[in-house]
Amino acid sequence: MTVAACAALVERGDPDRFLATLAAPVAAREKLFPLYAFNLEVARAPWVTAEPMIAEMRLQWWRDVVAQPTPPRAHEVAGPLQALIETAGLPVHLLDRLIEARRWDIYRDPFADDAALDGYIDDTAGGLMWLAALALRAPPEAEPGVRAYGFAAGLAAYLRAVPELAARGRIPLLDGRPEAVSKLALRGLIRLNAARRAGTAIPRLVRPALLPGWQAEALLRQAARDPVAVAEGRLQVSEFTRRGRLLWQATTGLF
C-alpha cells in the first residue's frame, strides 16, 4: 500500500498521465499518483467482465472505499487513496460522482443527448482534475478554470478513444458525421479558452494538476480540422510536439 505501487499502476495503464505526473514536483506526485491510480481502477472496472452485475459490484466496492476512508483497506490503491482523502480533505461526493459516471461504460446505450455526454466528461475528467487540484490545496475560486480545462482534456482523450469504444460495441457519439464531430471538438476548444481566461485564479502550486491536459489543444484542433481522423483512429500528435508541449507547460506553468 504505497505511492510507488500506485505510480507503477499508472505507468502501465495510463502512460500519458504517468509522464505528465513525472513532470510535476516530487511533493505533488505523492498526492497525484494515488488519485490517478484510483481513476484507472475505476475506469477499468466496467471492462474487466462481460457481466453487468459484476461490473456494478466492482464500482460499488469503490464507492464503499471512498465513503468509508477509515479504517484503510489493505489494497494497493484503496489504502493510499483513503489516506489522501483524510489528509487532503477530498470531497467524497466528487469521488462518488466520478465512480457513478463510469456506469455508462458498462452498458451499450448511447448518451441521451449532448448534455449527458458533457456531464460524463465533466464528472470523470473534469472531476478528476478538480480533485487533483484540491489535493494540491486549490482555492475554491480556481474550480471553474480547472474544470473547464479538465473538460477539454477529457474530451480530447474521449475522441481518441472513439474507435476502441465502437469496437467494443458502444455508441460513443450521438452524431458521428464529420461536421458534428468537428463541432464537438470546437466545444472543447471553447472550454479550453474559458480555462485560460480564468487562469489567474489558479495558483502556480496547483498547476501540476493541469499537466495531464498538455495534449488537449493540439488534439482538439486536429479533430476540428480533420474530424474523419477521429473515426479512423488517426487523432494524435507527434512525439516531438508531445514532449515539447509537456516540457513547456511544466516549466512555465502556463496552459
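Read the figures in this text as sums done on the coordinates, not as results from a lab. If you're wondering where the values come from, they're calculated on a predicted model, not measured in any experiment. In this analysis, Cβ positions are derived from the backbone assuming ideal geometry, glycine residues included, and neighbour counts consider all displayed protein chains.
Measuring spread by the Cα atoms of region 108-255 yields a radius of gyration and Dmax of 15.1, 42 Å. First select every other residue whose beta carbon is under 15 angstrom from the beta carbon of PRO227; then total the charges, Lys and Arg +1, Asp and Glu -1. Surrounding charge for PRO227 is +3. Taking θ as phi - 60° and the Karplus parameters 6.51, -1.76 and 1.60, the scalar couplings of region 188-201 work out to x, 5, 5, 5, 4, 5, 5, 4, 5, 5, 8, x, 5, 8 Hz in sequence order, x denoting glycine and proline. One way to sum up the overall shape of region 139-205 is the equivalent ellipsoid from its Cα gyration tensor, whose semi-axes run 29, 13, 7 Å, largest first.
Compute the convex hull volume of the Cα atoms of region 1-91, divide it by the residue count, and report the result per residue in Å³ as a whole number.
Spelled out: Cα convex hull of region 1-91, divided by residues, is 93 Å³.
Taken one residue at a time, the phi angles of region 133-145 give Karplus couplings (6.51, -1.76, 1.60, θ = phi - 60°) of 5, 5, 4, 9, 6, 5, x, x, 5, 7, 4, x, x Hz. Gly and Pro are set to x. For region 108-255, a simple Cβ point-charge model (Lys and Arg +1, Asp and Glu -1, everything else neutral) yields a dipole of about 540 debye relative to the Cα centre. Taking all Cα pairs closer than 8 Å and separated by 6 or more residues, the relative contact order of region 1-91 comes to 33 percent. Computing Rg and the Kirkwood Rh from the Cα coordinates of the chain gives a ratio, Rg/Rh, of 0.94. Averaging the sequence gap over all C-alpha pairs within less than 8 Å and six or more residues apart, then dividing by the number of residues, gives region 108-255 a relative contact order of 30 percent. Among 96-106, 19-29, sorting by the average number of other beta carbon atoms lying within 10 angstrom of each residue, highest first, gives 96-106, 19-29.
For region 227-244, backbone phi angles converted through the Karplus equation (6.51, -1.76, 1.60; θ = phi - 60°) give residue-by-residue couplings of x, 5, 4, 5, 5, 8, x, 9, 7, 6, 10, 5, 4, 4, 5, 4, 5, x Hz, Gly and Pro being listed as x. Ranked for footprinting exposure by Cβ neighbours inside 10 Å, fewest first, TRP130, TRP62 give TRP62, TRP130.
The mean sequence distance of close C-alpha pairs (under 8 Å, at least 6 residues apart), as a share of the length of the chain, puts its relative contact order at 20 percent.
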